[in-house]
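Just below is one structure, and these are the notes that go with it.
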Amino acid sequence: MAPEQSGESTTLYSARTIRGLYPALRDDHLRYLERWGLVRAVRQAQGHGRHETLYSFADLAVIRQASAELARGLTFRSVLRALVAEREGQLAFDFQPVTGRGGDTANAKVVKLEPRVAAGQSRASRLGAQEPLDEQTFERAARYFAEGAALDGGEDARSDEAMVAYRRALTLDPQMVAALVNLANLHYAADAIIEAEALYEKALALDPSCFEAHFNLGNVYHDTGRFEAAVFRYRQALAIDPGYADAHFYLAVTLEKLGRSGEARPHWAHYQRLAPNGEWVALAKEFGE
């Protein structure tokens, strides 16, 4: 089982090679280590839209240690705690939602516009800041939004073109919350955190009941270390949609990082109930006990 070589002559190890070297580790364990920021995976295109996950030599120390602890019979939860504590010098969590080009963003996307009356007339009367759009202008803005949504996401995503479409929609309708949220998501995915935060906050100023803006702003706050603010935003999101499994999961992880395991426990349970086949259900079961 020879390691792979990257284009920059860096030795990389496939998940298959890792499993051969350290049989106590499963694929889901490797994903958990990556999700918690303990290893940094590299994804190389294999053609036909497929990617292979590779790990660098620098990751092997953590992987080897995790495998050894699991082989001793320790639970994966205790292994995670020990690894993070060793790295940070304290018993803490370091959960990072996957972001950036090539990663799967956890952010919630708006997939359709509100009805015409809600999007224009009722919104303007609530804000008292803009007259309702005429039907023709609204329809043009809606077409640009639909164009952006079609370009935004999936294997054939074209983020730059989607940004242009959303901006055109906002030029016609500056109070189109859906376009603000989805444009913010694209900035977030490109690691333009400051721009994303400003757009989410603008969306909430226009519509305080926007679930997506609350939830996604929680992710921004977490990424920038503002954990109490992240907890507040996740709770606001769940007050609007208590059935959104990921919000329970991210809230639970953030509370754990703050040392508030008792508050996190019911959210681990909610995640298991709402997403029984979710990617993180095994981890939720361990921490929810």
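The values are calculated or read from the model by the stated rules, or taken from the named source; none is laboratory data. The structure displayed is predicted, hence computed values, not measured ones. Reconstructed Cβ throughout: ideal geometry from the backbone, glycine too, with neighbour counts over all protein chains shown.
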Could you tell me whether the range 215-226 includes any residue that is of a type in the set (A, V, I, L, M, F, W, C) and surrounded by fewer than 20 Cβ atoms within 10 Å (Cβ to Cβ)? no
Residue check for Leu283: within 24 Å of Arg31 (Cβ to Cβ), modelled with pLDDT under 90, under 17 Å from the mean Cα position of the chain (by Cα) and not in a loop (DSSP other than H, G, I, E, B): yes
Single unsatisfied condition, Gly243 versus (1) of a type outside the set (Ser, Thr, Tyr); (2) closer than 27 Å to Ala179 by Cα; (3) assigned to a helix (DSSP H, G or I); (4) touching a residue at least 12 places away in the same chain (Cβ under 8 Å): (3)
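Tell me, yes or no, whether the range 172-180 has at least one residue that is of a type in the set (Asp, Glu), at pLDDT 90 or above and surrounded by 15 or more Cβ atoms within 10 Å (Cβ to Cβ). Give the derivation first.
Filtering the range 172-180 for residues of a type in the set (Asp, Glu) gives 173.
Pick out the ones that are also at pLDDT 90 or above and you get 173.
Then drop every residue that is not surrounded by 15 or more Cβ atoms within 10 Å (Cβ to Cβ), which leaves 173.
Within the range 172-180, one or more residues are of a type in the set (Asp, Glu), at pLDDT 90 or above and surrounded by 15 or more Cβ atoms within 10 Å (Cβ to Cβ).
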Considering only residues that are within 24 Å of Ala179 (Cβ to Cβ) and assigned to a loop (DSSP other than H, G, I, E, B), which ones fall in the range 246-258? none
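Could you tell me how many of the residues in the range 215-229 are in a helix (DSSP H, G or I) and more than 13 Å from the chain's Cα centre (by Cα)? Give the steps one after another, and end with the answer.
Residues of the range 215-229 that are in a helix (DSSP H, G or I), as a first pass: 215-223, 227-229.
Remaining after also requiring more than 13 Å from the chain's Cα centre (by Cα): 227-229.
Summing the residues that are in a helix (DSSP H, G or I) and more than 13 Å from the chain's Cα centre (by Cα) in the range 215-229 gives 3.
Residues checked against (1) outside any helix (DSSP H, G or I); (2) touching a Leu at 6+ places or on another chain (Cβ under 7 Å); (3) modelled with pLDDT under 80:
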residue	(1), (2), (3)
Arg16	no, no, no
Ala45	yes, no, yes
Val62	no, yes, no
Arg81	no, yes, yes
Return only the number of the condition from (1) within 18 Å of Asn107 (Cα to Cα); (2) at pLDDT below 90 that Tyr200 does not satisfy. (2)
When Tyr32 is run through (1) at pLDDT below 50; (2) part of a helix (DSSP H, G or I); (3) of a type in the set (Phe, Trp, Tyr), the failure sits at (1)
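Out of the range 173-188, which residues are not in a helix (DSSP H, G or I) and not hydrophobic (A, V, I, L, M, F, W, C)? Don't jump to the end; show me each part of the working.
The first filter runs over the range 173-188 and keeps only residues not in a helix (DSSP H, G or I), leaving 173-176.
Within the range 173-188, Asp173, Pro174, Gln175 qualify.
Restricting attention to the range 262-284, and to residues there that are free of Cβ contacts under 8 Å to residues at least 12 places away in the same chain and touching a helix residue (DSSP H, G or I) at 6+ places or on another chain (Cβ under 9 Å), which single residue is farthest from Phe227 (Cα to Cα)?
Taking the range 262-284 as the starting set, the residues that turn out to be free of Cβ contacts under 8 Å to residues at least 12 places away in the same chain are 262-263, 266, 273, 276-277, 281.
With the extra rule that they be touching a helix residue (DSSP H, G or I) at 6+ places or on another chain (Cβ under 9 Å), the set shrinks to 262-263, 266, 273, 281.
Details: Gly262: 16, Glu263: 14, Pro266: 18, Arg273: 25, Val281: 23 Å.
Filtering the range 262-284 for residues that are free of Cβ contacts under 8 Å to residues at least 12 places away in the same chain and touching a helix residue (DSSP H, G or I) at 6+ places or on another chain (Cβ under 9 Å), the one farthest from Phe227 (Cα to Cα) comes out as Arg273.
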Filter result for Tyr250 (closer than 26 Å to Glu201 by Cα and either surrounded by 16 or more Cβ atoms within 10 Å (Cβ to Cβ) or touching a residue at least 60 places away in the same chain (Cβ under 8 Å) (or both)): yes
Please pick out the residue among Glu161, Glu139, Glu155 that is more than 25 Å from Asp223 (Cβ to Cβ), modelled with pLDDT under 90 and assigned to a helix (DSSP H, G or I). Glu139
Those residues of the range 203-214 which are among the hydrophobic types (A, V, I, L, M, F, W, C), in contact (Cβ under 8 Å) with a residue 24 or more places away in the chain and either farther than 20 Å from Gly243 by Cα or part of a helix (DSSP H, G or I) (or both) amount to Ala203, Leu206, Phe211, Ala213
Need the failing condition index for Asp191 against (1) part of a helix (DSSP H, G or I); (2) more than 20 Å from Leu80 (Cα to Cα); (3) under 17 Å from the mean Cα position of the chain (by Cα), just the number. (1)
